């Protein structure tokens, strides 16, 4: 009989295991039963910590945020543009670290208040740069929603680095749309070079935010 002592089962351990399993099975295949099997416990044991799958997703999103915050490269000397660039690049990296990472994050509710410190700093920076409070909030949420939506679409094509979903071969798409040359040509802009396209889109949004600064 094994005398090895297992680590106690708590919310964070369950979330860590779920994030590891997510890369293998994706969000649709991530069930409490599958996670329990991975932890070598019975499924009902998880219900002591999470009442349903959404509660688990909330904790997973919170853990993703904790890991992202640990890699934060922001500085007190950042301009507001630098801060938004760093924050959204960091968010994209965190989401891309997991299959369906953007779907897990989307609509989830943080289970702690760790995010409040970063939000407070960012709002203070934006308002001190001349934005109204409402504009500062919109700047944060608009860039956040852009990144979340961008990565959701990106992972619909490239679930993990080196993978590509069937149906997104650019050559096949171009041949299928041969009678629509501009639509065919758009494939490269839509479904390739995601790093460059993300940066271009984020720059467009920052330019728009700058144009609205101080407007009443």
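Among the numbered conditions (1) under 17 Å from the mean Cα position of the chain (by Cα); (2) surrounded by 13 or more Cβ atoms within 10 Å (Cβ to Cβ); (3) closer than 19 Å to residue 117 by Cα, the only one that residue 80 does not meet is (1). Against the test of being more than 26 Å from residue 23 (Cα to Cα), touching a residue at least 12 places away in the same chain (Cβ under 8 Å) and outside any loop (DSSP other than H, G, I, E, B), the options 91, 148, 126 yield a single qualifying residue, 126.
The residues of the range 176-200 include none that are in contact (Cβ under 8 Å) with a residue 24 or more places away in the chain and outside any helix (DSSP H, G or I).
Of the set (1) out of contact with any helix residue (DSSP H, G or I) (no Cβ under 8 Å at 6 or more places or on another chain); (2) modelled with pLDDT under 95; (3) assigned to a helix (DSSP H, G or I), all apply to residue 115 but (1).
The values are calculated or read from the model by the stated rules, or taken from the named source; none is laboratory data. Keep in mind it's a predicted model, so treat the numbers as computed, not measured. We place every Cβ from the backbone using ideal geometry, glycine too, and count neighbours over all the protein chains shown.
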